[in-house]
Amino acid sequence: MNKKLIVLFAIALTVFGLPLLVEAETIYDGEVYIMMFDDNPEPGPNLLVGRRARGYDNAEIPVLYHDQLLLISGEGWDGDYYSRQSASIIFRATENFAPGATGGEIRLRTTENGTDIPIDRIRITHNGNVGIGTTEPQSALQVEGYVQLDLTTNSPPAADCDDPSEYGRMKVDATNELLYICVASGWTSMQGRTAPTVKNDFNGDGTSDVLIRHTNGTWYLYLMNADGLTIKQGAYMPFTKDLNWQLADIGDYNGDGTPDVLVRHTNGTWYTYLMNADGLTALQGGYPPLTKDLNWQEVLY
C-alpha cells in the first residue's frame, strides 16, 4: 500500500473542497477509488472538481483568460525524473471570469514516442466545437489529417439507413471506388474520384490537356505531362465530325470529377458528351434541354 499516495490524494481533495470520504483500504496496488456519501442526487456519486481562484484564501480574485482550472496527468519515472504530462487532460479558462461569464475548454494531450513534449491532440472549445489535430476548430468537428471511414463491399444494408437518426452516416466501397452517404431516400453513392484542379484536365492528373479539331471535323485530345511540354498520351475523340456542331464548353456536368464536352449545332441544338475517368472515352451522351434560340449564347467563364 502506497501511503505517500494516500497523503497526496487527501491533500488534493482538501484543496478541491470535495465532500468525499477516502479510506486507506480504497487504494490497492496503485488503484485509487473515490467514494462519495451524499443523499443529494446532483451531481452524482462520483465527483472530481478542480477549483481555481487568483488571490488568496478568503480574498479570492476571479481567474483570467487562459488560467488552468484543473490538470489530470499521467506521469512516469524515466530513469532521471518523472515525465511531465505524458498523457493529460487540461481544463482551462477561455475568458476573464465574472458572474455569468465563466467560459472554459478541454484539451487532451499525448506525447509521441521518442519525445518528451506533450502536444494537444483533441480540443473542445468554449462553444462546443471539437478539433482533432487542430487547436482552433471552426466547425462542430474539424479534423487536420486523414479521416478513415468504415469499409463495405457494395451498398451498405438498407436497415442501416432507414431512420432519420441515421442520416449522415458514411461508408466507403474501396473496390468500386464509391462513397455511400445515408440521406432521407436511403443510401446514395458518389464516385470516389478527385475532381480536377484545372478545367481541361481530362484524366485527373492535375495538368491541363489540349483538345483540337481538324477542318474535316475530327477531334483529337493530347493528355499532357506535368512539365506542360511533353505528351503523355493522345487519342481521337468519339465526337461528331459534322462541322455543324461546334465546341460550346468543357465542364464537369454530372459531378463525377471528369470534364465533359458540350457542343452546339448551328440550328441551336445542344449535345453533351459525358466522359469516362480516362478522359478518352465517352460514358454516354445526351441532348440537354437548353434553349435552341441562337440569340442566346453561352457565357464562358
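The values are calculated or read from the model by the stated rules, or taken from the named source; none is laboratory data. Bear in mind that the values here come from a model prediction, so they are computed numbers and not experimental data. Neighbour counts run over all protein chains shown; Cβ positions are idealised from the backbone, glycine included. Remember, those area values only see protein heavy atoms, side chains included, never the ligands or the DNA or RNA. Shrake-Rupley method; radii C 1.70, N 1.55, O 1.52, S 1.80 Å.
Do you know which residues across segment 264-301 are assigned to a strand (DSSP E or B), among the small types (Gly, Ala, Ser) and under 34 Å from the mean Cα position of the chain (by Cα)?
Ala282
Suppose the filter is within 22 Å of Lys292 (Cβ to Cβ) and either assigned to a strand (DSSP E or B) or in contact (Cβ under 8 Å) with a residue 60 or more places away in the chain (or both); does Ala248 pass it?
yes
Can you run down the residue pairs with Cβ atoms below 7 Å, 6 or more apart or on separate chains, where the first is in segment 144-155 and closer than 11 Å to Ile132 by Cβ and the partner is small (Gly, Ala, Ser)?
If the second residue must be small (Gly, Ala, Ser), the pairs left are Glu144/Gly133; Gly145/Gly133.
Counting only residues that are surrounded by 15 or more Cβ atoms within 10 Å (Cβ to Cβ) and more than 18 Å from Asp116 (Cβ to Cβ), how many does segment 67-91 have?
Total satisfying the criteria: 5.
Let's see how each residue does on (1) in a loop (DSSP other than H, G, I, E, B); (2) under 17 Å from the mean Cα position of the chain (by Cα); (3) exposed (fewer than 14 other Cβ atoms within 10 Å of the Cβ):
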{"position": "Gln148", "(1), (2), (3)": "yes, yes, yes"}
{"position": "Ser155", "(1), (2), (3)": "yes, no, no"}
{"position": "Asp160", "(1), (2), (3)": "no, no, no"}
{"position": "Ser165", "(1), (2), (3)": "no, no, yes"}
{"position": "Gly168", "(1), (2), (3)": "yes, yes, yes"}
{"position": "Lys171", "(1), (2), (3)": "no, yes, no"}
{"position": "Thr175", "(1), (2), (3)": "yes, no, yes"}
{"position": "Ile181", "(1), (2), (3)": "no, yes, no"}
{"position": "Ser189", "(1), (2), (3)": "no, no, no"}
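Among (1) at pLDDT below 90; (2) open to solvent by less than 90 Å² (accessible area, probe 1.4 Å); (3) touching a Gly at 6+ places or on another chain (Cβ under 8 Å); (4) of a type outside the set (D, E, K, R), there is one condition Asn225 misses while meeting the rest; what is its number?
(3)
Can you find even one residue in segment 107-126 that is at positive phi, at pLDDT 90 or above, more than 20 Å from the chain's Cα centre (by Cα) and open to solvent by 50 Å² or more (accessible area, probe 1.4 Å)?
Scanning segment 107-126, I find at least one residue that is at positive phi, at pLDDT 90 or above, more than 20 Å from the chain's Cα centre (by Cα) and open to solvent by 50 Å² or more (accessible area, probe 1.4 Å), so the answer is yes.
If I go through segment 229-242 residue by residue, how many of them are out of contact with any Ser or Thr (no Cβ under 8 Å at 6 or more places or on another chain), part of a loop (DSSP other than H, G, I, E, B) and either free of Cβ contacts under 8 Å to residues at least 24 places away in the same chain or surrounded by 12 or more Cβ atoms within 10 Å (Cβ to Cβ) (or both)?
Qualifying residue count for the region: 5.
Listed residues Gly285, Gly204, Gly279, Gly257; which is surrounded by 15 or more Cβ atoms within 10 Å (Cβ to Cβ) and within 30 Å of Glu166 (Cα to Cα)?
Gly257
In this structure, is Leu247 surrounded by 17 or more Cβ atoms within 10 Å (Cβ to Cβ) and not aromatic (Phe, Trp, Tyr)?
Taking the combined requirement at face value, the residue does not satisfy it.
Being out of contact with any Lys or Arg (no Cβ under 6 Å at 6 or more places or on another chain), at pLDDT 65 or above and closer than 30 Å to Asp116 by Cβ is the requirement here; does Leu48 meet it?
yes
Go through (1) in a strand (DSSP E or B); (2) under 25 Å from Thr188 (Cβ atoms); (3) among the β-branched types (Val, Ile, Thr) one by one and return the number of the condition Val261 breaks.
(2)
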